[in-house]
Each structure stands twice: as C-alpha cells, then as structure tokens.
1. Under a crude label model (7 Å from the Cα following the beta-carbon direction), how far is residue 78 from residue 58 in nanometres?
2. Shape verdict for region 331-431, please, from the Cα gyration tensor: rounded (a/c under 1.5), prolate (a/b greater than b/c) or oblate.
3. With r defined as the distance between the Cβ atoms of residue 86 and residue 391 and R0 fixed at 41 Å, what FRET efficiency is calculated, to the nearest 0.05?
4. Using a Förster radius of 35 Å, what is the FRET efficiency between residue 416 and residue 349 based on their Cβ-Cβ separation? Nearest 0.05, please.
5. Taking 0.36 nm per intervening residue step and subtracting the Cα-Cα distance, what contour gain separates residue 145 from residue 249 on full extension?
6. Roughly speaking, what is the stretch gain from residue 258 to residue 71, that is 0.36 nm per residue apart minus the C-alpha to C-alpha distance, in nm to one decimal?
7. Could you list 51, 231 in order of exposure, starting from the residue whose Cβ has the fewest other Cβ atoms within 10 Å?
8. Please compute the modelled spin-label separation between residue 41 and residue 456, points set 7 Å along Cα→Cβ, answer in nm with one decimal.
C-alpha cells in the first residue's frame, strides 16, 4: 500500500509549502496507512481445504470467501520492485470472472516458495508440503523451456503501435499535470497566453520538438518492450504452461494445459512487413486473456508458429477466399466516407477538406484491397481457423471440440450484398470467432464441416436426379 500513498504524500508537502504542518500531516498519513495495512495483514488468513480455497478476513466484520478449485483457470504471480526487495510476491487467482478483480482471489505478500506451493495445489499439480523449499530450475529442477525471448527481439519493440506512441502519451500526461498545477505555480492566464504567443512566434521550436518526438518513438518502443517483456520465458511445468516476463515488475502466469483450446496470432502493418507476430492462447474460461493468455510477445512468425504447434497443435488446412461481394463492401467502407467529405469540401469551397478527402479516399483503395486479401476461413478436420483485419490482422485457430454453437448474422447491408457472417461460439477466448462476409453456401458448408451432427439434420436433401 505504500506506493499508493506516494503521490498524495508529495501533494501534501508541495501544496503545504513544505511547512511543519504539512510534514506533520504527511507523517500522520504514512503512520495511519502502515497501521491499517498491518491490521489487514494480521486479520487475513487462507487455507486449501479439500477441493476449495477459503479466504477469511476478520477486520471489523468477518467475511469468508470460498473458491472451488475446479473454477481456478490460472494463477498469476507478480512481484513489484518493493515486493522483490522484501522477498515477497502477489498471487492472483483467476476464476474465469472476465478479469473482474473483485471476483478473483488475491494473496498479497507471500513468499515465493509459498506461491509455488499454492500454484501446485490450485492447478492440481503434485502438491508440495507446507514450509518445504521449492527448487528453482537453476537449482537443479529441470523444466522444459518452450520459448525464451533473446535480447535481439528488443528491436521488434518499435514495430508495436502501443509501445511506439509512448512519447506522446508521456507528453500528454505532462501537459495535463502542468495544466492542473498552473495556479499552484503562480501562473496566471496572462502569463500563459504570453507563453503561447512566444511558442507561436517561434515555429522552429515546434518543429524541433516534433522531430525529437519522432526520433524518440523507436527508442521508447524498445524501452517499453524491455520493461514489459524482459527475459520472457515460456515453460512447461507439470500440467501447466508458465509464462514469466517483466523488468521492473516480474510476472509469472500459469495456465492449465488441458484448458487450452487453440491460439490467436495478431500482427499490424509494420509487424507484417518485418514478419513478426504476437501470440495468445485461447483458454477455456480464462478472464483477461489479452494479458494472461500471452504465449509470446512480438516475435518472429516462424518462432510463434513453432510455439503454437507445441501448445495447441498445428493448423494444416488452407484458408478459403471470400466472395467478391466482400471486396466491394470493404472498398466502399474504405473509400465512400472520404469521398463524401471531399464532396462536402467541394460544395462548401473549403479546399483543405476537399484535398484531405481526396487523399484519404485514394489511400482507402489499397486498404480495402488488403482487408479483403486477409479474409479467410478453413477447417483441417481437427481445427477451424478464421482470419480478418488489415491494420490489425488476427487469425484464430480453435479446436473443433471447443465449438459450442453457431450464429449466422446478417445486417441489412449484408442482405443487399448477399453475404453473411458466421460466428463459431467457443467457450474460451473472446467467446466467438467470426468468418466475415461469406456467402450463404460457404457459411453452411463451414458449419457443417466442423459439426456435421448438428447441421446436417437441418439441411434440405438434394433433389433426386432425373433419369
């Protein structure tokens, strides 16, 4: 809890002018927080009793929460710098509650050995006696390493948009903080306006700042990749997959191998050019799968496919193309809005809007073509696969046994084009994976191939052939 009071503590001292009174309030706040944390720690207990985990808290009122072990989908062990300094970790228990923290169990401040013991009990691995020392791999315990991110993969950090835009996020946060502190810093409206005029009259500074931000983008991308994915390692530990990563906060996520139903490969435009992808596991009942189901960060496509085959098996089929109507729909959606904007600019005689609309409409043509090229669906007899997207292309591969139902969805615009979207309902991952804009025959054939026992009884028999 100490890190959470750092900013309020600085605020009390700063706004109080570092006076004796402000120091007194700050000391009182720290003391109260420490006492509250100690009381919460002393009144919290847990135990694994039979087939359930019991979490008991007796602070002010008594509350007991019971988590059946059969509901446990994964165990997340993390350690912030402060936890690592104290030799402790945080254990979070995923119960498949869609990532809602309040619905999950958390043990904050246990030893690493106790965390490993709990991991084994909760995921039904070989139990470790309480109080026993758990051997780490470097101490002699052999654990198969499925993948390890080498230092050379740091160069892929700038290819990810989330990491690449970090300088702009930092700049925006800094501007927001300065705006909130203008009164405390003694800056009135007139001074702020003079500063704005000075910046406006010196455009060279703005150009230099923009160039500096652009130059910092790849550096920031590399740094953020290292912070989140440093020494990323995927291991097979008993019946579980264990992914460990992180530079500042070290995190270890365990997934039951028997709950893995497939995988999803995602890449962006820059990542596609460099032939790198990101890999997630599709896990039954897993909450917050975007982070907890990660099998590899940005990595070479060949390495990702090798890991996917080890974890869930390969997809050996081919993706079928979608009908020409799907191409027309993508070209229309990529071009028509900008042509409308250009027409509005022409009617209003507003040249910037006209020029922007024309340029964006021209750029929309290759975007629409690429979005169509990336469409595909297929079935190899064991696993089905669907793919879509251009700026963010995603291909999901799911085992047939994971499919729990089918949905055929058709909007008014799709009806005019004669296409339909078929959704494979899956009790894992995002809950459903869609083959976009296929014709009706393709949709029925796809569903019938994957689950013939469900679909075939509803198909009309072929008309008898004439003699």
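1. According to this spin-label approximation, the distance is 3.1 nm.
2. Numbers: a/c = 3.57, a/b = 2.57, b/c = 1.39.
Cα axes put region 331-431 in the prolate bin.
3. Details: r = 44 Å, r/R0 = 1.06.
Once the sixth-power term is evaluated, E becomes 0.40.
4. On the way: r = 34 Å, r/R0 = 0.98.
Between residue 416 and residue 349 the formula returns 0.55.
5. Working: separation 104, 0.36 × 104 = 37.44 nm, distance 2.13 nm.
So the extension gain works out to 35.3 nm.
6. That works out to 66.0 nm of additional length.
7. Values: 51 9, 231 14.
Least to most surrounded, the residues fall as 51, 231.
8. For residue 456 paired with residue 41, the spin-label model returns 6.4 nm.
Every read-out reported here was derived from the displayed coordinates using simple, explicitly stated rules and does not represent laboratory data. On a predicted model such as this, the values are computed, not experimentally measured, just so you know. Cβ: placed from backbone, ideal geometry, glycine included. Neighbour counts: every protein chain shown.
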